[in-house]
């Protein structure tokens, strides 16, 4: 969690903000996000690594701003970020293991 928080602050908080509430109608919130509640941890790992484009809906709001990729993040770092995000701001708790991150990243579509 500590490493995940630090990595989140370094790579994610500029857009999603320190409190996870996003940036107005440009960047979706992670705080109490219905999108994250149904998104599989493997899919979140892929989005962190390779970014996201297209339209998504979070808490009834539409977001189209592309999320940049983080190609230099290792599977360990991605697992730490996923664990931090999934255990913060009212999201589903749980540890996301490095082995799962490695496998997910290899199989991203």
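Tell me the residue from 49, 103, 21, 37 that is outside any loop (DSSP other than H, G, I, E, B), more than 12 Å from the chain's Cα centre (by Cα) and either more than 17 Å from residue 1 (Cα to Cα) or without any contact (Cβ under 8 Å) to a residue 12 or more places away in the chain (or both), please.
Residue meeting the stated conditions: 103.
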For the structure I just gave you, tell me whether residue 30 is under 18 Å from residue 69 (Cβ atoms), touching a residue at least 60 places away in the same chain (Cβ under 8 Å) and not in a helix (DSSP H, G or I). yes
Can you find a residue in the stretch 72-83 that is surrounded by 12 or more Cβ atoms within 10 Å (Cβ to Cβ), part of a helix (DSSP H, G or I) and modelled with pLDDT under 95? no
Cβ-Cβ below 9 Å, separation at least six or inter-chain, first residue in the stretch 75-98 and free of Cβ contacts under 8 Å to residues at least 40 places away in the same chain and on the phi > 0 side of the Ramachandran plot, second surrounded by 19 or more Cβ atoms within 10 Å (Cβ to Cβ) and not in a loop (DSSP other than H, G, I, E, B): which pairs? none
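Results for (1) touching a helix residue (DSSP H, G or I) at 6+ places or on another chain (Cβ under 8 Å); (2) under 27 Å from residue 106 (Cβ atoms), shown as yes or no for each residue.
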site	(1), (2)
17	no, no
23	yes, no
34	no, no
37	no, yes
47	no, yes
53	no, yes
75	yes, yes
84	yes, yes
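The values are calculated or read from the model by the stated rules, or taken from the named source; none is laboratory data. What you see is a predicted model; the values in this text were computed from it and never measured. Methodologically, a virtual Cβ is constructed for each residue, glycine included, from the backbone with ideal geometry; neighbour enumeration extends over all protein chains shown.
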